[in-house]
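The values are calculated or read from the model by the stated rules, or taken from the named source; none is laboratory data. Predicted, not measured: the structure shown is a model, and the values here were computed from it. So basically every Cβ, Gly included, is an ideal-geometry build from the backbone, and we count neighbours across all protein chains shown. Keep in mind that these areas ignore ligands, DNA and RNA; they rest on the heavy atoms of the full protein, side chains included. Shrake-Rupley method; radii C 1.70, N 1.55, O 1.52, S 1.80 Å.
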Amino acid sequence: MSVRIVETTPFQDQRPGTSGLRKKVAVFRQSHYLENFVQSIFDSIDAPAGSVLVLGGDGRYYNVEAIRTILGMAAANGFSKVIVGRGGILSTPAASNLIRQRRAHGGIILSASHNPGGEEGDFGIKYNAGNGGPAPEKMTEAMYEKSLTISKYRICDIPQMDEIGDMLIGEMAVEVIDPVSDYADLMESLFDFELLRDFLKTGFRICFDAMHAVTGPYAREIFENRLGARPGSVVNSIPLPDFGGGHPDPNLTYAEDLVKTMYGEDAPDFGAASDGDGDRNMILGRHFFVTPSDSLAVLAANAKLVPGYRQGLSGVARSMPTSGAVDRVAEALGIPFYETPTGWKFFGNLMDAGRVTLCGEESFGTGSNHVREKDGLWAVLFWLNLLAVRKISVEEMLLDHWKTFGRNFYSRHDYEDVPAQAAKEVIETVRSRFADLTGSSFGQYRVLFCDDFSYSDPIDGSLSRGQGLRIVFADGSRIVYRLSGTGTSGATLRLYLESFEPDASMHHLDAQAALQDLVAIANEISKLREITGREKPTVIT
Ligand code: VG1
Ligand code: CO
């Protein structure tokens, strides 16, 4: 099969965001758009001839077409083999696992994660390096630079076929694998499946909502086939190219069906959901919601009860906007704790260096060093394993945790699709007030310091600036303002709020009620309502 060299011209908008390049499907379908970016990846990663690549995606619209294009380009760029999930499917954590297990040079994951899919929806592409983790900023910037000067790309044409099977494209082998089995085996090696089987036989009822996204086949295999959960415990389990028209984002707003089930009469004991590409998780008990920041803290505090973590944790890390609940656990356990910018790519170095075992983000992301991505089903299994050992409800688990460590009330308010200029103005308004805010008071809250968070990676020394504006109060409460790096239309402004409550008699309070003063202060400082004209957030988590 001959290699074609195709002349092209650069696009100006191919800078990867928090997690890869995400755009509307229509943008990706412009001729040469995908090819330019893929060639920019290949030109940046220094893969020696004969390298192996992992390839798969979350099954959204355009997944299969993109896979065909990338296979042809991989063959033309000298890879010896591409390992592809059957039907083009690989969840993000499963892809991370495969890269590591098969010692691939890296992998390409096609996903826009929690963003809506379908022809009118979003598409995305990201590169993960040989450790299985998202390319670090240095590498994504190099890809962007290449994309600005690209003049040609290399591709082999491959024959039209209904389904991609094992084949040779020129000298390059395509190996099609079962996307589920290796991942399910990995889960079985970390958690006590025997205990879980018995636990589910006692009548403990679970509901897992795959949101018509990639985790459906994984969850059916793990919960129903391997653990014997009642058939029907996994709902919305068939991946659809448009996710059934929904927003595959596991939170109280978008996982509406599950929330209804878990807050309804005769609710199951445990509910969970995952996102488009399977790396996020939401945990619910009967009539009870677990904030992701608390979830991370609970897993860290109880990790030794689970086989894969019996030897203890080397350390923990959280993204800056994530609540400080896990910091308190780290302190009690006497283990190191790290605070990184938003995005899983910042955890990779810490995990590779053996500094941390568990990591988490407030955005429904939790994971460990078993792979180099956050992992939705892993978090769900971790929770189930803990509940099976401790034999208490989800709510009791949290009340007990707060009694020991105190409660970090926490919430994130998202203002989606705000005109970019207005979102920028809000951020600049806050920044311009830094000097006069420091030392001033708002009711009981005295401002200790304000800054624009920057992170110096303790392993490779790289510096990342401009990672979110923090206003930190003397009692440890915080307000954080940040612009999203995953949206595809307008800007999404995120407001993160946190306060600490040591008094157990206050722990039952609703987080929104507990945080209402901070919300008012956050609006006052930023003039968010006046500038954006928005009366309330689009999504509250
Ligand atoms: C969001 C979350 C961030 C997460 C990222 C990718 O980014 O806030 O914590 O790592 O999505 O998650 P941003 O820049 O929009 O705030 V996923 O599941 O979309 O890959
Ligand atoms: Co995701």
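In the stretch 92-158, carbon and sulfur make up what percent of the accessible area (probe 1.4 Å)? Roughly 47 percent, rounded to a whole number.
Take every Cα pair under 8 Å whose residues are at least 6 apart in sequence, average their separation, divide by the length of the stretch 255-404, and the relative contact order is 26 percent.
Helix 92-101 axis versus longest C-alpha principal axis of the chain: approximately 60°, rounded to the nearest ten. Applying the criteria of a DSSP loop state and at most 11 other Cβ atoms within 10 Å to the trypsin sites (Lys or Arg not before Pro) of the stretch 403-506 yields ARG465. Positive contributions from Lys and Arg (+1) and negative ones from Asp and Glu (-1), summed over other residues with Cβ under 14 Å from the Cβ of GLY490, come out at +1. Dipole orientation for the chain: of the candidates GLY85, LEU333, ASN523, LEU333 has the Cα lying most toward the positive pole (charges on Cβ; Lys, Arg +1; Asp, Glu -1). In the context of the full protein assembly, LYS345 retains an accessible surface of approximately 30 Å², using a probe radius of 1.4 Å and ignoring ligands and nucleic acids.
The accessible-area ordering, largest first, of the residues VAL235, VAL290 stands as VAL235, VAL290, per a 1.4 angstrom probe. By a 1.4 Å probe calculation restricted to protein chains, ASP294 has an accessible surface near 10 Å², given to the nearest 10. On the stretch 193-240, 53 percent of the accessible area sits on carbon and sulfur atoms, based on a 1.4 Å probe. Bridges between two residues of the stretch 42-181, per DSSP, are antiparallel at a rate of about 35%. Between the stretch 114-128 and the stretch 376-432, the alpha-carbon centres lie 24 Å apart. Measuring against 29 Å, Cα to Cα, the residue pairs LYS24/LYS424; LYS345/LYS536; LYS345/LYS424; LYS403/LYS424; LYS23/LYS374; LYS152/LYS424 contain LYS345/LYS536; LYS403/LYS424; LYS152/LYS424 as the ones spanning a longer distance. Using the Karplus relation 6.51 cos²θ - 1.76 cosθ + 1.60 with θ = phi - 60°, the per-residue 3J(HN,Hα) values for the stretch 198-215 come to 5, 4, 5, 6, 6, x, 5, 9, 10, 9, 10, 9, 7, 6, 6, 10, 5, 6 Hz, with x marking Gly and Pro.
How high is the relative contact order of the chain, given as a whole-number percent (alpha carbon pairs under 8 Å, six or more residues apart)? Once divided by the residue count of the chain, the mean separation gives 14 percent. Using alpha carbons only, how many angstrom separate the centre of the stretch 209-244 from the centre of the stretch 71-102? Here the answer is 23 Å between Cα centres.
Solvent-accessible surface of protein heavy atoms, probed at 1.4 angstrom with all chains present, puts GLU339, GLU498 in the order GLU339, GLU498, largest first. 3J(HN,Hα) along the stretch 377-394, derived from phi through the Karplus expression 6.51 cos²θ - 1.76 cosθ + 1.60 where θ = phi - 60°, amounts to 5, 4, 5, 5, 5, 4, 4, 4, 4, 5, 5, 5, 6, 8, 6, 10, 7, 4 Hz, with x in place of Gly and Pro. Whole-Hz Karplus values for the stretch 61-73 come out as 3, 5, 4, 5, 4, 5, 4, 4, 4, 5, 4, x, 6 Hz, taken residue by residue from phi with 6.51 cos²θ - 1.76 cosθ + 1.60 and θ = phi - 60°; glycine and proline positions read x.
Ordering ALA420, ASN349, LEU398 by the projection of their Cα atoms onto the charge dipole of the chain, which places +1 on the Cβ of Lys and Arg and -1 on the Cβ of Asp and Glu, puts ASN349 at the extreme positive end. Of all DSSP beta bridges confined to the chain, the antiparallel ones make up roughly 70%.
Over the stretch 190-276, give the accessible area per residue in Å² for a 1.4 Å probe, as an integer.
Result: 41 Å² per residue.
Counting charges near ILE459 (Lys, Arg +1; Asp, Glu -1) among other residues having Cβ under 9 Å from its Cβ returns a value of -2. Within the stretch 308-344, the trypsin sites (Lys or Arg not before Pro) that combine a DSSP coil assignment with at most 15 other C-beta atoms in a 10 angstrom radius are ARG310.
Cα centroids of the stretch 494-530 and the stretch 133-167: 44 Å apart.
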